[in-house]
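The values are calculated or read from the model by the stated rules, or taken from the named source; none is laboratory data. The model shown is predicted, which means the values in this text are computed figures rather than measured ones. With ideal geometry, Cβ positions are generated from the backbone for all residues, glycine too; neighbour counts draw on all protein chains shown.
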Amino acid sequence: MKLTQSNFATLKNVQTPNYDRDAIRSGIVHLGVGAFHRGHQAAFIDDILTDEPTWGIVGASLRSASTADALNPQDGLYSLMVKEGNSTHIRVMGSLSRVLVAPVEREALLATMADPQIKIVSLTITEKGYCYDAAQDRLNKSHPDIVKDLANSREPISAPGLIVEALRRRMESGAGPFTVLSCDNLPSNGRVVQKIIIEFAHLLDEKLAPWIEENVTCPTTMVDRIVPATTDADRALLKSTTDIEDQWPIVTEPFRQWVIEDNFCAGRPSFESVGVEMVADVTPFEHMKLRMLNGSHSFLAYAGLLKGHEFVAEAIADDELRTHVLIMMTDEIMPTLDLPDSFDLHAYRDELIERFENPGMAHKLAQIAMDGSQKLPQRLLNTIRDRMAANQPFGHLIKAVAAWVKFVSQSGEGQTFGPLNDPMRQALEQDVRTANGDLQHLAELVLARQEIFGADLSQSDIFRNALLEKIKA
Ligand code: CS2
């Protein structure tokens, strides 16, 4: 049975939207409708639509048409398969009305973003989508997409370019601002997106930048839900248990968390009614999640792949890796976190381990390993910075960095892990060739890459010696 709205009445063994989909109006445009968005924000919004029908989502893919091709013939519907151990709970999500493909429907997308009915533009475009130079804390003006968009700002291709052009239209039409809501795993993601759009606008139009500064808000958020890439086995399981043929179901875990800074310039849904935590300062939660969950994930990915594991659940069942993760979290990461006294960090840690163990999640280590150059700073290096500043040991954290260097050393055409999936691929593969099998030399070469390590760590003898020692081990 195909998944379409007209088939709702005949679907079995599955929950369908408990609201009238025809009465839904769109209040959100989301850029980057990947699996994570559909497993996380779109699922929260689906709960919200029961009482507040004006917060439907129009999705947009910034590059590929694959999501649009899968979901548009299904009226934007998809099945969310929540797996815990061997049990699967399936619910059809109706919060996405349609998916636009930015490169081919740019005008339709910009017109939708400029429509006064849209109050929020949210984003999951991954770390690299921000064209942000983290080491310098500013827009990467030499990024090829930014160069193109500055030259041709009315036909943008980058996320910053699209947002700024839509805001320009709203300023001119009097439609007012929308909130820009980053949902990516970047520290202070709201501040980062605000910085890059204001800088971009400054380079274009002297009137627009101050208007954005005065009117547009960019709340920081912490997002959390493990959403592995969908497999054919997931599609087959869905078909065998429900008879639904869904071109792109989403698999996820029961756990979900969303913490948002309460700063919306054009109104917002009552997020708290569906369990979202609205706070004045997201920083403590964001540090906790990026360092504990994502830091451990990245360690498990690199060290796990090096030991021949394929999935997170396998890596966390490996005694050596599990012990490492536990010590890294407890002794090295937890002391750097600053949460309210009432918060039980030990329980948070134990729950993370259980989540990693969930046998229902076929979460590939290779998926987590990608884009290491973009992930290392907030997941491992910032924690190391805090440990160094406090004169405290960081042997387990640095071992995770060493595992990444070893992983890079075995990446490339014809190598164990294949070509590196990373925006810094060319530079890093060049380092591998220059080092010519000498791991110590490779560590020195990548350490000189300040885009990743910043001037401080690149030039720190303490950091260098610690890294070289782990590379030898
Ligand atoms: C993962 C994250 O792919 C990765 O790098 O660490 O996607 C992780 O699963 C999510 O942040 C969990 O909220």
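Some points to look at:
- When the residues of the range 20-42 are filtered to those that are among the charged types (D, E, K, R) and assigned to a helix (DSSP H, G or I), the one that is nearest to the ligand (Cβ to nearest atom) is ARG38.
- Filtered residues of the range 299-315 (kept if under 22 Å from the mean Cα position of the chain (by Cα) and in a helix (DSSP H, G or I)): PHE299, LEU300, ALA301, TYR302, ALA303, GLY304, LEU305, VAL312, ALA313, ALA315
- Matching entry among ALA209, ALA166, ALA175 (being outside the structural domain of LEU293 (by TED's automatic domain parsing) and without any contact (Cβ under 8 Å) to a residue 24 or more places away in the chain): ALA209
- Residues of the range 193-220 classified as surrounded by fewer than 22 Cβ atoms within 10 Å (Cβ to Cβ) and within 24 Å of the chain's Cα centre (by Cα), total: 5
- Members of the range 396-423 that are of a type in the set (S, T, N, Q) and under 20 Å from ALA473 (Cβ atoms): SER409, GLN410, THR416
- Listed by position, the helices (runs of 4 or more DSSP H) inside the range 55-153 whose residues that are surrounded by 15 or more Cβ atoms within 10 Å (Cβ to Cβ), under 23 Å from the mean Cα position of the chain (by Cα) and in contact (Cβ under 8 Å) with a residue 24 or more places away in the chain number at least 2 are 66-71, 106-114.
- Residue within the range 72-85 that is within 16 Å of the ligand (Cβ to nearest atom), in contact with a Gly (Cβ under 6 Å, 6 or more places away or on another chain) and at pLDDT 95 or above present: yes
- Count - residues of the range 206-252 that are more than 16 Å from the ligand (Cβ to nearest atom) and part of a loop (DSSP other than H, G, I, E, B): 12
- Among the candidates SER158, SER173, SER153, the residue that is modelled with pLDDT of 95 or more, under 17 Å from PRO116 (Cα atoms), polar (S, T, N, Q) and more than 16 Å from the ligand (Cβ to nearest atom) is uniquely SER173.
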